[in-house]
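Below is one structure; the comments refer to it alone.
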Amino acid sequence: MHLIDNVLGSVDPESGLSSDVSLDAEAVLSALKLTDADFFNVTKRQEMAEGAKALNIPGFQRNRNQVGYPDGGLTNAPVLVFDPSMNEADFTGPDTKFSYPSLASGISRPSTDEDLAFMTILELGALLKSKQVTSVELVKVFSERLKRYDSTLKAVVTYTEELAQAQSLAADKLLQQGTYLGPLHGIPYGLKDTIAVPGYRTTWGSTSFKDQFFNEEAFVYTRLKEAGAVLIAKLATGSLAYDDIWFGGRTRNPWNIEEFSTGSSCGPAAATSAGTIPFAIGSETAGSISYPAARTGVTAFRPTFGMVSRWQIMSLSESLDKIGPFGRSIEDCTIVLDVLRGKDPRDLSSKNIKLKDPFSIDAKKLTVGYLPDAEMEVVRILKEQGVKMVPFDLKYSVDSAQQILNFTMDVDMLAHFDHWQRAGLDDAYEAQDQWPVELRRARLISAVDYVQAQRARHKLISEVLEALKGIDAFIGNATDWEKVAVGNLVGMPVAIIPAGLKSIQNPPPEGTRRRTTVTAGIYARPYGDSEVLALAMAFQKVTKHHLQRPPVDNVKP
């Protein structure tokens, strides 16, 4: 009786309950209806209201005061860590050093900067080592291209000119002294602007955070810096890593400037596709590498969950976020992945995952499935290369992987941006039908139903791993939303590779150079990254789809 009085107000002499009982019971009922749990009678609902006010809410407030700020999920990671192998992977053996292919010594600098801009990492490295070009010159070429096209593409948030100048001079000096750090030595690149670099803004693409700086550098930036790579730009991300709209505009697709690039790694994809940067680093939680890579016709790789540390990178979901490269070719992506991979004690999910050398794998010894929606050009080419190709169906009993992913990502994201929402900063968000709506809805996902979603995720993963027994990889659509959801929930690696071009819809009568890109996804079970990379290399060695250049010299709508 005293608890009721203290929490809810005075006692009604007729009912013997608080005078606020009907209000509180009705409020609980309304909330329960929105969580599909409206099966309690009025007495039980009243009890729930009292307990929530006395116990739950003070506990919520204490926890939130401890870890609810700053926004972005960069600190205080949860103790629950996702293992995509379901605790079966054994990484106790020695790791394999990747044996990068060497180019013929006769490679020459092309006559135009346009041709130079579309060379691969290994080709640019050969020019640097033979002193036909300097890192300083490469920075100038790519920086000028970024500035020339970015008024239309909207792919750059911040130019890191002073840093690029210092890093390129240092790279050239080391080469003059006979020190070569590896294939990324002196190569310019860009980072998605969710990745922290001291001295430069890390805006997360958001008006709310556009003046934000971090003093600690992201693990991936440290690794690339140590490898001699030269950062020339922070590249656009959809606001708070959602789609392609950010505070500076909306990033466009170089292949068809009337289209947008999709997101949220919109800047890395568009800049790499346009030849304004040799390679870039993006991230994926639910398609943010796959979709923009496919739309812009660029090669990209989303590694197994845990392959690359997310330290000092804005987080949507600790059990879904993955970091991966965009490049001219799958060889470029493999080289970058080799630099980035490894355990970081500050990211509890990162591991020293032992990989086979993808450059040394004989693709003819692999068995590869293909789904009904697979791009048959890829199936045909791999079969001609001697790969055993078999029809395949990715079977599982979970009704919707998409819903499991949405529940997981949205609740995790809201935990990282709880303060942002409570402070009303979502009112300034760049696309009001995106995160603001989704995260308000996430407030109504109960803890019980979040855990049920994780149990359903476990069921999905177990069934997918069982389905993948007997094959080394499979070919499927790279942008089918259900497959993207399954791949991210399971933590599977996927290579997104260009597989052709087709005419745009409703082309102008006078003709156009704009095209719609055709892409394919090569997937494997977690930790099958090397097999995926080897298969993508086998495809690209005998095709030229990845070498096609968008009409970037005619970018105006």
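The values are calculated or read from the model by the stated rules, or taken from the named source; none is laboratory data. Keep in mind that what you see is a predicted model, and the values were worked out from it rather than measured. Here Cβ is always computed from backbone atoms with ideal geometry, including for glycine, and neighbour counts include all displayed protein chains. Remember, those area values only see protein heavy atoms, side chains included, never the ligands or the DNA or RNA. Shrake-Rupley method; radii C 1.70, N 1.55, O 1.52, S 1.80 Å.
Could you compute the FRET efficiency for Glu510 and Ser111, with r as their C-beta to C-beta distance and R0 at 25 Å, rounded to 0.05?
So, using R0 = 25 Å, E works out to roughly 0.25.
Hey, which lysines would be in cross-link range of Lys53, C-alpha to C-alpha under 29 Å, not counting anything within fewer than 8 residues on its own chain?
Partners found: Lys33, Lys44.
Expressed as cubic angstrom per residue, what is the convex hull volume of the alpha carbon set of the range 369-439?
157
Run lengths n ≥ 4 of DSSP H only: what is the helix-derived mean residue ellipticity at 222 nm for the chain, with -39500 (n - 2.57) per run over all residues, to the nearest 500?
-11000 deg cm²/dmol
Using only the Cα atoms, what convex hull volume per residue in Å³ does the range 271-367 have?
121
For the chain, give the percent of accessible area contributed by carbon and sulfur heavy atoms, probe 1.4 Å, rounded to a whole number.
C and S fraction of accessible area: 51 percent.
Beyond 29 Å between alpha-carbons counts as too far, so tell me which of Lys147/Lys343; Lys140/Lys225; Lys343/Lys459 fall in that bin.
Flagged as over cut-off: Lys147/Lys343.
For the chain, what mean projected area does the convex hull of the alpha carbons give, in nm²? Let's see the in-between values first.
Details: hull surface 114.6 nm².
So the mean shadow area of the Cα hull is 28.6 nm².
Largest first and in whole Å, give the semi-axes of the range 154-198's equivalent ellipsoid, each being the square root of 5 times a Cα gyration tensor eigenvalue. Working shown, then result.
On the way: eigenvalues 118, 25, 15 Å².
Equivalent-ellipsoid dimensions as semi-axes: 24, 11, 9 Å.
DSSP loop trypsin sites (Lys or Arg not before Pro) in the range 90-190 with at most 15 other Cβ atoms within 10 Å of their Cβ, which ones?
Lys97, Lys131
Can you tell me the Rg and Dmax of the range 343-494, counting just the alpha carbons, in angstroms?
Gyration radius and largest Cα-Cα distance of the range 343-494: 19.6, 59 Å.
Roughly what % of Cα-Cα distances in the range 107-211 sit above 21 Å, to the whole percent?
42
Expressed in nm to one decimal, what extension gain is obtained for the pair Phe91 and Lys354 from 0.36 nm per residue of sequence separation less their Cα-Cα distance?
94.1 nm
What number does the range 410-536 give for Rg over Rh if you use C-alpha atoms and the Kirkwood radius?
Result: Rg/Rh = 1.10.
Would you please name the GluC sites (Glu not before Pro) within the range 473-544 that are DSSP coil residues with at most 10 other C-beta atoms within 10 Å of their C-beta?
Glu510
Over all distinct Cα pairs, what is the inverse of the mean 1/r for the range 64-109, reported as the Kirkwood hydrodynamic radius in Å?
Hydrodynamic radius (Kirkwood, Cα pairs) of the range 64-109 is 16.7 Å.
Are there any trypsin sites (Lys or Arg not before Pro) in the range 428-528 that are in a DSSP loop and have at most 15 other Cβ atoms within 10 Å? List them by number.
Working: sites: Arg440, Arg441, Arg443, Arg455, Arg457, Lys459, Lys469, Lys483, Lys502, Arg513, Arg514, Arg515; in loops: Arg443, Lys469, Arg513, Arg514.
Hits after loop and neighbour filter: Arg443, Lys469, Arg513.
Is there a pair in Lys129/Lys173; Lys234/Lys541; Lys322/Lys356 whose C-alpha atoms are over 22 Å apart, and which pairs would that be?
Lys234/Lys541
Give me the dipole magnitude in Debye, nearest 20, for the range 201-335 about the Cα centre, with unit charges on the beta carbon: positive for Lys and Arg, negative for Asp and Glu.
For this selection, approximately 140 debye.
Please give the per residue accessible area of the chain, computed with a probe of 1.4 Å over protein heavy atoms only, in Å².
42
Could you list the residues of the range 432-460 with an amide nitrogen less than 17 Å from a label point located 7 Å from the Cα of Ser30 in the Cα-to-C-beta direction?
441, 443-445
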